[in-house]
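K.L.:
To start, I am sharing the structure in question, which I have written as structure tokens.
The values are calculated or read from the model by the stated rules, or taken from the named source; none is laboratory data. The shown structure was predicted, so the numbers you read here are calculated from the model rather than taken from an experiment. Positions of Cβ are backbone-derived with ideal geometry, glycine not excepted, and every protein chain shown enters the neighbour counts. Quick note on the areas: whole protein, heavy atoms, side chains included, nothing else; ligands and nucleic acids left out. Shrake-Rupley method; radii C 1.70, N 1.55, O 1.52, S 1.80 Å.
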Amino acid sequence: MLLNIKNLHVSINNKEIIKGLNLGINYGEVHAIMGPNGTGKSTLAAAISGKPGYEVTKGEIVYKGINILGMSPEEISWEGIFLGFQYPVEIPGVSITNFLRAALNEHREHQGLKPLTGSEFLSKLNEKKKLVEIQSKLTNRSVNEGFSGGEKKKNEIFQMAMLDPTLSILDETDSGLDIDALRIVANGVNTLRSEVNAFLLITHYQRLLDYIIPDFVHVLYDGKIVKSGGKELALFLEKKGYNWIKEELID
Amino acid sequence: MLNYYIVDMEKKFLKLNDKFNKQTSLFNDLINLFEENKNQIFKNDTKKISEVRKQALEKFSKSELPTLKHEKWRDTDLSKTLSKNYKYYFDAEENNSEIGKTFKCVVPQLDSLSFTFVNGWNTFESELITLEDGIIIGSFSDAMKKFPEIVEQHFAKTFQPEKDFFSLLNTSYAQDGFFIYVPDNVNSQKSIQIVNIINNDENIFLQPRNLVIIGKNSKLSLIHCHDSVNQKNSFTNSVTEIFLNENSNIDYYKLQNLNNQSTLLNHTNFYQNTNSNISSNSISLNGGLIRNETCVEIEGEGCAANVYGLFLMDDKQHIDNHIFIDHKKSNCVSNELFKGILDDNASAVFNGHVLVRQDSQKTEAFQSNKNILLTDTAKINTKPFLEIYADDVKCSHGATVGQLDNEALFYLRSRGISENNARMLLMYAFAAEVINKISIEPLKNRIDDMVKKRLRGELSVCDQCVLHCGTPEKEIDFEIDLSKI
């Protein structure tokens, strides 16, 4: 198993958000986590990525057989976990090119590889740009600065493609996307999807799952996975709404 | 604690002593000192210059020593600087000219001419040099002898020396410094670099006095450096007056890299005639206490004054940037951008005062000061200030104080950039806005490099340089070399 989350409890400022979550992901699988707002979807993504301030009070996150709890965000990234942000951060003054080259070379250093030469880096950059139909000019601009919502999300997928992770967690990548951008983002994910990696899609709406077909759908409610199923669960949720879950839980 | 000076005539030096704490003692003693060394100070003076000095001393004796009670000094405390003893030389020390003669500051690919001063005294072989394009460069003392009319016409003629305590003191005592005269219609491609080195075995007090005159339709790029060789105490009270005639331009860079025991009061006074342009950029990398006091008098229409600054301070360092821009004529633009990063217990002051007088219509004036505080104990007092009496103007001001953005830091780290490198990347990106204002490419590259070294906690000196400027307090583990990106 690539990722095995066991009885995970996560608190922020002493308030428990994730309350005993179990989730297993194998190589080659695409999982979708759905659920109403405020049930802990983004908290789960942040906790896996090692974001400071997210305190794991119980349980473990085992990735490739190692418990990654307590590892720094950079170490988790080097191990091959990528987080696509719901709200990508603007970083004025740091160009995408410089930023990605620094990131990529730290990954390579961790793997005991030599840094990429300028031309190796550029050819990789150009190859991956095509994947998400990113304009050439964009990579010379500061990271996300003044980008439209669609450009920011495309940039996330572009970075994912450059870093070639084993496990990609995409947090509400579909929010704020028009239908064309959504298609491009989905196409990027579908192209990268393979037997040696896995995806965890966090989404509020079923829409994204029309383009990226998941193997499993989980419903997160009040910090726990309350229901799991195949892709048809997403359609069911779309039709019935999340209130259905609440009612079922009360019963 | 106030102090006073005593003089040892034989050795010709001055001591600051803390036995007496009445201001009158200080003034009486300074005035006595002036009287006793009059002959030496006046040695190269014309009658008129001597007269100006006497008047300055007269005003000085009626002015007040700045303390925290004075509005302009309320956040910059000089008491520590003034509680030490310093030597004051009325003559160049012989042994010190060696370092000046052998020292070379080589900035790769920079087409420049370098002049070195050690402890405030020039170390040139010849007196005044006339370059191919007619620019005259040399020491201020030689200029008084050779070009008395030019010096008389400009010496202490800018606004500040008339009012400011330390400027008056400088006007009274100053004996050496640099003199640059650019004739009309000279567009110099070469940069002139003035390096002030402090190399002292004992604490010293020095007062350089610099004069720059740029003729009509001419351009000058000037790099003005303050460096220290060792870790001794020093107190520099420097005054620079820069006159810009019609359609003239100056690119002025101040690079400050002094030890933590040094105090630098650096007064720069610009006087602008019609259609002249200033671009001034002060890069303060190290120093115990630095105060850059910049005054711009805009006396003609169509002028632009761009005043930029970057300061990176740590330990207990203190930096104070005081800017005063006086828009006396209409259709002019001024633009201030100061950015700072403060670590440990460092403190900073920004005070930008723009005065737009009643008749100065169509003025555009912008002020911006942005700061990053890396610790809870670092401190900035910022005061952008517009004083506007005209009604048809476009002005704005703003200041921000913040920390490194934690969201941005996590974003970079989640991509595999380690924490130190991510912090460094964010700090460098913040500083780059000021560095990018440097229009001389080789200089920009060098300063870029020095800023990176400074942010990494390395000594911000160049390879093979004899200067040993600030001492970094802590090691920062930094593995990727951003310059290779």
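K.L.:
Leaving ligands, DNA and RNA out of it, report the carbon-plus-sulfur percent of the accessible area of chain B at a 1.4 Å probe. Don't skip to the answer; put the middle values down first.
P.N.:
Numbers: 8450 of 18890 Å².
C and S atoms contribute 45 percent here.
K.L.:
For the protein assembly as shown, with only Lys/Arg (+1) and Asp/Glu (-1) charged at the beta-carbon, what is the dipole magnitude about the Cα centre, in debye rounded to 20?
P.N.:
Numbers: 82 positive and 97 negative charges, 93 e Å.
In total the dipole reaches around 440 debye.
K.L.:
Now for a separate question. How much accessible area is lost when chains A and B come together, counting both sides, with a 1.4 Å probe, in Å² rounded to the nearest 100? Numbers along the way, then the final one.
P.N.:
Working: alone 12040 and 20070 Å², together 29880 Å².
In total, chains A and B hide about 2200 Å² from solvent.
K.L.:
Once amide H atoms are built 1.01 Å from N in the peptide plane, which residues 5 or more positions from B:C395, or in another chain, come under 5 Å H to H?
P.N.:
Hits under the 5 Å cutoff: B:A365.
K.L.:
Calculate, in nm to one decimal, what A:D251 and A:Y211 gain on full extension: separation in residues at 0.36 nm each, minus their alpha carbon distance. Mind showing how you got there, number by number?
P.N.:
Values: separation 40, 0.36 × 40 = 14.40 nm, distance 3.38 nm.
The span from A:D251 to A:Y211 would gain 11.0 nm if fully extended.
K.L.:
Please compute the modelled spin-label separation between A:E238 and B:L374, points set 7 Å along Cα→Cβ, answer in nm with one decimal.
P.N.:
5.1 nm
K.L.:
Over chain A, what percent of the accessible surface lies on carbon and sulfur atoms, probe 1.4 Å? Walk me through the numbers before you get to the answer.
P.N.:
Numbers: 5280 of 10990 Å².
For chain A, the apolar C and S fraction of the accessible surface comes to 48 percent.
K.L.:
Still on this structure: Could you name the lysines whose alpha carbon sits less than 16 Å from that of B:K72, not counting residues in the same chain fewer than 8 places away?
P.N.:
B:K163, B:K383
K.L.:
Something else now. Residue farthest toward the positive end of the dipole of region A:29-116, with Cβ of Lys/Arg at +1 and Asp/Glu at -1: which of A:A102, A:A32, A:Y54?
P.N.:
Ranked along the dipole, the leading option is A:A32.
K.L.:
What angle, in degrees between 0 and 90 and rounded to the nearest 10, separates the Cα long axis of helix A:118-131 from the longest principal axis of the Cα atoms of chain A?
P.N.:
40 degrees
K.L.:
Specify whether the C-alpha gyration tensor of chain B places it in the rounded, prolate or oblate class, a ≥ b ≥ c being the square roots of the eigenvalues: rounded for a/c under 1.5, otherwise prolate if a/b is larger than b/c and oblate if not.
P.N.:
Values: a/c = 1.39, a/b = 1.23, b/c = 1.13.
Since a/c stays below 1.5, the shape of chain B is classed as rounded.
K.L.:
Tell me, what ³J(HN,Hα) does each residue in region B:373-390 have, in order and in whole Hz, if you take phi through Karplus 6.51 cos²θ - 1.76 cosθ + 1.60 with θ = phi - 60° and put x for Gly and Pro?
P.N.:
Going residue by residue, I get 9, 8, 10, 6, 9, 6, 8, 10, 10, 10, 8, x, 8, 10, 10, 10, 10, 8 Hz, with x marking Gly and Pro.
K.L.:
Need one number: % antiparallel among DSSP beta bridges in chain B, to the nearest 5.
P.N.:
Beta bridges within chain B, antiparallel portion: roughly 10 percent.
K.L.:
Then there's this: In straight Cα distance, which lysines are under 25 Å from B:K216, not counting same-chain residues fewer than 8 positions off?
P.N.:
Reachable lysines: B:K145, B:K146, B:K157, B:K190, B:K254, B:K328, B:K329, B:K362, B:K437.
K.L.:
Set the Förster distance to 25 Å, then compute FRET efficiency between B:H70 and B:K383 from the Cβ-Cβ distance, nearest 0.05.
P.N.:
Details: r = 14 Å, r/R0 = 0.57.
Working from the Cβ atoms, E equals 0.95.
K.L.:
Oh, and also: Given a 1.4 Å probe, how much area per residue of chain A is accessible, in Å²?
P.N.:
On the way: 10990 Å² over 251 residues.
On a per-residue basis, chain A sits at 44 Å².
K.L.:
Let me ask you something else. Classify region A:50-176: rounded, prolate or oblate, from the alpha-carbon gyration tensor (a ≥ b ≥ c, eigenvalue square roots; a/c under 1.5 rounded; otherwise prolate if a/b is larger than b/c)?
P.N.:
Numbers: a/c = 2.03, a/b = 1.33, b/c = 1.53.
Oblate is the answer for region A:50-176, as a/c is 1.5 or above yet b/c matches or exceeds a/b.
K.L.:
Where a ≥ b ≥ c are the square roots of the eigenvalues of the C-alpha gyration tensor, would you call region A:52-110 rounded, which needs a/c under 1.5, or, failing that, prolate if a/b is larger than b/c, or oblate? Numbers along the way, then the final one.
P.N.:
Numbers: a/c = 2.87, a/b = 1.57, b/c = 1.82.
Cα axes put region A:52-110 in the oblate bin.
K.L.:
Let me ask something else. Can you list the residues, at least 5 places off or on another chain, whose amide H is less than 5 Å from the amide H of B:L206, using H built in the peptide plane?
P.N.:
B:F235, B:T236, B:N237
K.L.:
Suppose R0 equals 45 Å; then what is the FRET efficiency for B:L113 and B:E364 from their Cβ-Cβ distance, rounded to the nearest 0.05? All intermediate terms of the calculation are to be shown ahead of the outcome.
P.N.:
On the way: r = 35 Å, r/R0 = 0.78.
Using R0 = 45 Å, I get an efficiency of 0.80.
K.L.:
If you don't mind, there's one more thing I want to ask. Need the full-extension length gain, A:K58 to A:E145, defined as separation in residues times 0.36 nm minus the C-alpha distance. One decimal, nm. Please report the intermediate quantities before stating the final value.
P.N.:
On the way: separation 87, 0.36 × 87 = 31.32 nm, distance 3.79 nm.
Full-extension gain reported as 27.5 nm.
K.L.:
Distance between the C-alpha centers of region A:50-127 and region B:208-231? Whole Å please.
P.N.:
46 Å
K.L.:
Among the lysines, which fall within straight-line cross-link reach of B:K379, defined as a Cα-Cα distance under 16 Å, with same-chain neighbours fewer than 8 residues apart omitted?
P.N.:
Within reach: B:K316, B:K339, B:K370.
K.L.:
Using only Cα atoms, locate the centre of region A:172-222 and the centre of region B:278-339, then give the distance between them in Å, rounded to an integer.
P.N.:
52 Å
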